[in-house]
Amino acid sequence: MEQKLYDVAIIGGGPGGYTAGLYCARSGFSVVVLEKLSPGGQMATTGQVDNYPGFEGGVDGFELGEKMQRGAERFGVETRFAEVTGVELAAVPKVIQTSEGEVRARAVVLATGASPREMGLPGERELRGRGVAYCATCDGMMYRNKTVAVLGGGNSAVADALYLSKLCREVYLIHRRDTLRASKVYMDALKDSGIQILWNSRAVELLRDKRVSGLILEDVRTGARRELACEGIFVAIGRVPDTELFRGQVELDEQGYIKADETTRTGLPGVFAVGDVRTKPLRQIVTATADGATASHFIEQYLMEENR
């Protein structure tokens, strides 16, 4: 990889990363985006995105990722497909080790995202987008007037179930314990929602034809099994932030997300966090792009002050 000092290096080519790159490049800074797979991040695995403004008929997530990449590159952003293997974020300049060599930059944007925690069942990844989903607000409309199951017992699971109850014919909330972990406000909303809660149950097998057709559930107390017919399964058992590379260098919260406020600044000067990887109440494509735009403002401020 060419030895060059960039103004801004962005780790992760999702919507937050490419938006930060676009804005920084338009401000005249040299920018490189480091992406290990393909543009779009988690968005690229979504077959139909219906909640990103400007696409009245929806858009394929992979296609949207490529559009974001091309839009940023139009203004000079470089994309390097390489896996980041190490970082020195407190260094001046910042140093990033990759599978293709070393990158140095005056400022770094951490945009590595977070992945949904999977059920770990055979066929789960193959059925993603064909009955298995991880975001009710993203994919719920695809299951209008259908029967769906939501797996989980926390705030996210209950919020997803409540959202889906306004769209779907039947909603089952499946939880492996006999009480939910959700906050009182969610518990109160459940009372008249029509959502059926299946307690002490866990999914042990996916039923399928070309798409999901149901689940095999196991009673965690007795081991008894039953079949639940449904056309969609929404998995809400947590997310896993991709932050291990940064542990010990930037501050993380209890769940492993990077502590960065609405300015996107971390506790390290010149290091910013955008998108799903940072602490925030809502993780959506549009909030990631908003983070990217916000980060560019404070990156410009930081680089100008550094030059004084």
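How many residues does segment 1-43 hold that are surrounded by fewer than 17 Cβ atoms within 10 Å (Cβ to Cβ) and in contact with a Lys or Arg (Cβ under 8 Å, 6 or more places away or on another chain)?
Final tally of qualifying residues: 4.
Of all the strands (runs of 3 or more DSSP E) wholly in segment 194-244, which have at least 3 residues that are touching a Leu at 6+ places or on another chain (Cβ under 8 Å) and not hydrophobic (A, V, I, L, M, F, W, C)?
Numbers: elements: 196-198, 201-208, 212-219, 225-229, 232-235, 239-241.
Where strands (runs of 3 or more DSSP E) fall fully within segment 194-244 and carry at least 3 residues being touching a Leu at 6+ places or on another chain (Cβ under 8 Å) and not hydrophobic (A, V, I, L, M, F, W, C), they are 201-208, 225-229.
Asp50 passes all but one of (1) closer than 21 Å to Ala295 by Cβ; (2) in contact with a helix residue (DSSP H, G or I) (Cβ under 8 Å, 6 or more places away or on another chain); which number fails?
All conditions pass for Asp50, except number (1).
Quick check on my filter: what residues within segment 151-164 are buried (at least 21 other Cβ atoms within 10 Å of the Cβ) and under 15 Å from Gly232 (Cβ atoms)?
Leu151, Gly152, Ala157, Asp160, Ala161, Leu164
Cβ-Cβ under 6 Å, sequence separation 6+ or interchain: first residue in segment 185-201 and surrounded by fewer than 16 Cβ atoms within 10 Å (Cβ to Cβ), partner β-branched (Val, Ile, Thr). Which pairs?
Every condition considered, the pairs that remain are Asn200/Val220.
Quick one: in segment 155-181, of everything that is more than 20 Å from Ala224 (Cβ to Cβ) and in a loop (DSSP other than H, G, I, E, B), which residue is modelled with the lowest pLDDT? Quick ask: steps written out before the conclusion?
Going residue by residue through segment 155-181, those that are more than 20 Å from Ala224 (Cβ to Cβ) are 155-171, 179-181.
Remaining after also requiring in a loop (DSSP other than H, G, I, E, B): 166-169, 179-181.
Numbers: Lys166: 95, Leu167: 96, Cys168: 97, Arg169: 97, Thr179: 93, Leu180: 92, Arg181: 87.
Restricting to residues being more than 20 Å from Ala224 (Cβ to Cβ) and in a loop (DSSP other than H, G, I, E, B), the top hit is Arg181.
Test Thr263 against the criterion of being within 24 Å of Gly71 (Cα to Cα), free of Cβ contacts under 8 Å to residues at least 60 places away in the same chain and either part of a strand (DSSP E or B) or among the polar types (S, T, N, Q) (or both), and give yes or no.
Details: within 24 Å of Gly71 (Cα to Cα): yes; free of Cβ contacts under 8 Å to residues at least 60 places away in the same chain: yes; either part of a strand (DSSP E or B) or among the polar types (S, T, N, Q) (or both): yes.
So Thr263 fits the description; yes.
Could you look through segment 44-85, keep only residues that are in contact (Cβ under 8 Å) with a residue 60 or more places away in the chain and among the small types (Gly, Ala, Ser), and pick out the one that is surrounded by the most Cβ atoms within 10 Å (Cβ to Cβ)?
Result: Ala82.
So Ala189 clears everything in (1) assigned to a loop (DSSP other than H, G, I, E, B); (2) modelled with pLDDT under 95; (3) among the small types (Gly, Ala, Ser) except one condition, right? Which one?
(1)
The values are calculated or read from the model by the stated rules, or taken from the named source; none is laboratory data. Everything numeric here is computed off the predicted structure, so don't read it as measured data. A quick note on method: Cβ atoms are made from the backbone with ideal geometry, for glycine too, and the neighbour counts reach across all protein chains shown.
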